[in-house]
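Asks: Just passing along the structure, written as structure tokens.
The values are calculated or read from the model by the stated rules, or taken from the named source; none is laboratory data. Because the structure is a prediction, the values reported are computed rather than measured. With ideal geometry, Cβ positions are generated from the backbone for all residues, glycine too; neighbour counts draw on all protein chains shown. All accessible areas refer to the heavy atoms of the entire protein, side chains included, with ligands and DNA or RNA removed. Shrake-Rupley method; radii C 1.70, N 1.55, O 1.52, S 1.80 Å.
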Amino acid sequence: IPVFINQLRFLQYFILSLIWFVSEVSQMVECFSSFTLSSGKCGNLLGPVEKNSCCLNPSYGYKEADGDCRSCGRAAWSEWTPWGECSVSCTEGVSQRRRSCHGIGNCLDPDNLGKVQTKPCVKKACCPVEGGWSEWGNWQLCSVTCGDGVRKRRRTCSEPFPQCGGSCSGAEEEITPCSTEIICPTHGGWSSWGSWGPCPVTCFYEGHSPQKELRKRTCTNPPPSTVPRGNLCEGSDTESRPCSGLPFCPVDGNWGAWAGHTPCSVTCGVGQQTQRRICDSPKPAHGGKQCRGEEQQTGICVIPDNCPLNGIWTEWGEWSACKPPSTRNIRCRYREGKRRRERDCVDRKYNGDSCDGEIVQHGSCYDIEDCELNGVLSEWSLWSYCKPDCGPNSVQIREMKCVADLSSYNSQDPAIFAGDPRVKCDGLKEQTESRPCKNVPVCMDKVVMLCSELMFIHFY
């Protein structure tokens with residue numbers, strides 16, 4: 001056992017060393033001028049540059065050796081994907097949707113929504129039930145009057161009929177060979193026309209009559225039979241036509257010299273610049289070949305300046321204490337007070353735009369700090385999402401809680417009340433219900449762990 005543990009530690013050390021080496025050496029990335037948050041894909045490849053140069057512009061994206069596209073911007077969540085297909089085709093299953101975190105750093109998740117959401121679904125209330133076949137019908141007559149043919153018989157899916165979209169397994173029709181024992185005559189048929197023969201010239205000279213090209217076919221598809229005698233093919237076995245569409249003798253085109261570079265397409269970070277050339281040394285004529293290669297070539301240019309980074313608002317701060325608008329006391333009373341909260345515009349760099357909107361927000365409030373209020377039971381909450389998102393123990397819950405009775409106030413919006421009251425919940429019983437989620441996917445981390453253990457045992 002000690003030898004086994006030492007070997008395992010050596011293998012872990014080797015893998016970690018390899019990962020460190022690759023991360024240190026791989027400094028070059030494929031740089032793209034756009035990154036789409038909704039799809040996580042890069043667009044408009046600029047070329048290979050150092051990662052730091054590419055990310056001078058936070059709207060750019062890049063790919064490392066693993067081929068995955070990454071954003072140069074701040075960490076941000078993608079939109080939720082559409083809800084996926086139900087996990088089963090009939091009866092109750094679950095549907096999932098996902099989102100991804102793209103950018104530098106970690107995405108905020110104050111509501112603890114995670115990357116996956118799961119809900120129950122019913123695609124079809126019942127599952128198909130197969131039917132049963134009737135007895136086979138009588139055989140039909142042979143399909144031909146001479147030579148070999150086929151005959152058929154049929155049955156129906158009616159004993160019993162299928163239910164809920166079911167069907168019968170097997171064929172509805174059965175076919176078997178049959179013979180009349182009478183030989184049929186075989187009539188001759190033309191083969192496909194052969195290819196046109198070559199014209200004697202490749203260029204057309206004015207004043208000369210065009211030459212002719214020929215093609216042939218044979219009466220071999222099939223050949224006519226002798227006994228009983230079949231008919232010969234009708235028509236000629238040879239066809240001719242004048243050589244047409246011959247061009248004047250061609251002059252191939254050739255490129256002129258490259259023109260100078262255009263200015264760099266950006267004023268900061270990585271951009272592109274182009275060169276052009278013209279196919280005029282000489283121009284192609286009389287069907288001559290166009291110049292081979294590209295009329296335009298594009299190269300990378302780097303402006304070593306950081307691109308503007310616009311400011312973003314922080315989350316709103318906590319509300320200030322609820323204060324009376326005059327000298328009159330408002331605590332535990334039905335009089336409205338005033339409060340305020342603030343936020344900051346942060347991360348504005350390199351002449352980026354300031355944040356839109358107000359830095360201070362004012363609002364009305366009722367001061368219920370330490371007020372004694374009667375309690376009432378809330379309505380049942382909505383069923384939660386299925387948790388965990390995989391495995392056999394996934395469940396939904398809903399709750400009924402004791403909350404303060406705010407019905408005497410002009411507004412029952414919980415957000416307008418400031419402070420923690422003393423709620424009297426005597427005789428009120430809070431409740432929690434749960435129900436299992438059906439047909440939830442298997443947890444992949446357990447599958448991967450099992451596969452890893454099996455591979456490790458096989459290796460040693």
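Asks: Could you list all residues from the range 32-56 that are open to solvent by less than 40 Å² (accessible area, probe 1.4 Å) and over 14 Å from D68 (Cα atoms)?
Replies: Selection gives S33, L46, G47, V49, S53, C54, C55, L56.
Asks: To continue, here is another question. Condition test on E294, is it open to solvent by 70 Å² or more (accessible area, probe 1.4 Å), closer than 30 Å to G73 by Cα, charged (D, E, K, R) and within 34 Å of the chain's Cα centre (by Cα)?
Replies: no
Asks: Then there is this: Starting from the range 258-281, keep only residues that are at positive phi, then list their pairs with residues that are open to solvent by less than 60 Å² (accessible area, probe 1.4 Å) and of a type in the set (S, T, N, Q) whose Cβ atoms are within a distance under 7 Å, requiring at least 6 positions of separation or different chains.
Replies: Taking only residues 6 or more apart or on different chains, the pairs are G269/N57.
Asks: For R328, are the conditions met, namely being under 34 Å from the mean Cα position of the chain (by Cα) and either in a loop (DSSP other than H, G, I, E, B) or among the charged types (D, E, K, R) (or both)?
Replies: Here the answer is no, as R328 does not meet what is asked.
Asks: So, one more: Considering (1) more than 30 Å from P48 (Cβ to Cβ); (2) among the basic types (K, R); (3) open to solvent by 50 Å² or more (accessible area, probe 1.4 Å), say which one R343 fails and leave the rest.
Replies: With (1) more than 30 Å from P48 (Cβ to Cβ); (2) among the basic types (K, R); (3) open to solvent by 50 Å² or more (accessible area, probe 1.4 Å) applied to R343, the lone miss is (3).
Asks: Would it be correct to say that E181 is surrounded by 14 or more Cβ atoms within 10 Å (Cβ to Cβ), more than 30 Å from P128 (Cβ to Cβ), without any contact (Cβ under 8 Å) to a residue 60 or more places away in the chain and among the acidic types (D, E)?
Replies: No, not satisfied.
Asks: Now, a different point. Show me the strands (runs of 3 or more DSSP E) entirely contained within the range 350-448 in which 2 or more residues are open to solvent by less than 40 Å² (accessible area, probe 1.4 Å).
Replies: Ranges flagged: 360-367, 372-377, 395-400, 402-404.
Asks: Among the residues of the range 222-278, write down those that are closer than 30 Å to Q211 by Cα and open to solvent by less than 40 Å² (accessible area, probe 1.4 Å).
Replies: C233, C243, G253
Asks: Sort through A76, A125 and tell me the only one that's open to solvent by 60 Å² or more (accessible area, probe 1.4 Å), among the small types (G, A, S) and more than 30 Å from I182 (Cα to Cα).
Replies: A125
Asks: So R331 fits all but one of (1) among the basic types (K, R); (2) out of contact with any strand residue (DSSP E or B) (no Cβ under 7 Å at 6 or more places or on another chain); (3) surrounded by 12 or more Cβ atoms within 10 Å (Cβ to Cβ); what number is the exception?
Replies: (2)
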